[in-house]
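Undergrad: Next up is a structure, given as structure tokens.
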Amino acid sequence: MVIMLGDLYDRGGDTYIFGPHGLTTAKYAMLATIAGSPVPLSMTQLRECVMKSAANLTQMIDALERDGLVRRQAMPKDRRVNLVEITDAGRDRVAQVEAFMRSTMAAYFQGFSDTELREFARLLQHFAAHELAAMKIPPIPPHQTT
């Protein structure tokens with residue numbers, strides 16, 4: 001069930017939420033992960049966070065860098081390691097998407113009581129935890145915005 005909801009989120013997100021901001025669901029997830037980190041992340045750290053293959057991750061970072069949303073820099077102590085950090089334009093894009101998502105979600109959930117929304121969120125978290133455990137995937141840490 002959670003996988004079906006995730007697929008719906010990916011397809012709908014690409015079209016209605018992230019697409020108008022020049023992103024896909026996957027690119028937004030990557031950008032939000034980078035934005036939520038207090039320090040630049042290595043490609044290895046990013047791959048672990050978003051569970052992408054090295055080639056897919058490199059292509060995604062290349063695209064985000066071309067769009068001016070992230071930048072790579074060599075790690076000072078080991079120039080073989082590239083660190084990825086968000087740019088001001090990337091922070092602005094994340095803020096725009098999050099504001100759009102908040103207003104969209106407010107419209108979607110209009111008419112539901114706070115109690116109903118809390119119960120809905122609790123049930124989604126419960127389903128997600130069971131699905132992740134069944135697939136032996138570690139829990140996803142809560143998203144933090146900066």
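Undergrad: Might you check whether a residue that is at pLDDT 85 or above and either of a type in the set (F, W, Y) or in contact with a strand residue (DSSP E or B) (Cβ under 7 Å, 6 or more places away or on another chain) (or both) occurs anywhere in the range 122-145?
TA: No, every residue in the range 122-145 fails to be at pLDDT 85 or above and either of a type in the set (F, W, Y) or in contact with a strand residue (DSSP E or B) (Cβ under 7 Å, 6 or more places away or on another chain) (or both).
Undergrad: Taking into account only those residues within the range 35-79 that are basic (K, R) and under 14 Å from the mean Cα position of the chain (by Cα), which is farthest from R91 (Cα to Cα)?
TA: Among them, the one singled out is K52.
Undergrad: Give the range 80-111 a look and list any residue that's without any contact (Cβ under 8 Å) to a residue 40 or more places away in the chain, of a type in the set (F, W, Y) and surrounded by 12 or more Cβ atoms within 10 Å (Cβ to Cβ), or say none.
TA: Scanning the range 80-111 gives a single hit, F109.
Undergrad: Would you confirm whether any residue within the range 89-112 is in contact with a Gly (Cβ under 9 Å, 6 or more places away or on another chain), within 29 Å of A133 (Cα to Cα), modelled with pLDDT of 85 or more and of a type in the set (F, W, Y)?
TA: no
Undergrad: Could you figure out which of (1) surrounded by 10 or more Cβ atoms within 10 Å (Cβ to Cβ); (2) in a helix (DSSP H, G or I) isn't true of R72?
TA: R72 satisfies all of (1) surrounded by 10 or more Cβ atoms within 10 Å (Cβ to Cβ); (2) in a helix (DSSP H, G or I) except (2).
Undergrad: So the check is Cβ under 7 Å with 6+ separation or different chains; which pairs have a first residue in the range 118-134 that's in contact (Cβ under 8 Å) with a residue 40 or more places away in the chain and a second one that's in a helix (DSSP H, G or I) and surrounded by 11 or more Cβ atoms within 10 Å (Cβ to Cβ)?
TA: Listed by first residue and then by second, the contacts come to F127/V2; A128/V2; E131/V2.
The values are calculated or read from the model by the stated rules, or taken from the named source; none is laboratory data. Everything numeric here is computed off the predicted structure, so don't read it as measured data. Counting neighbours? That spans all protein chains shown, and the Cβs are built from the backbone with ideal geometry, glycine included.
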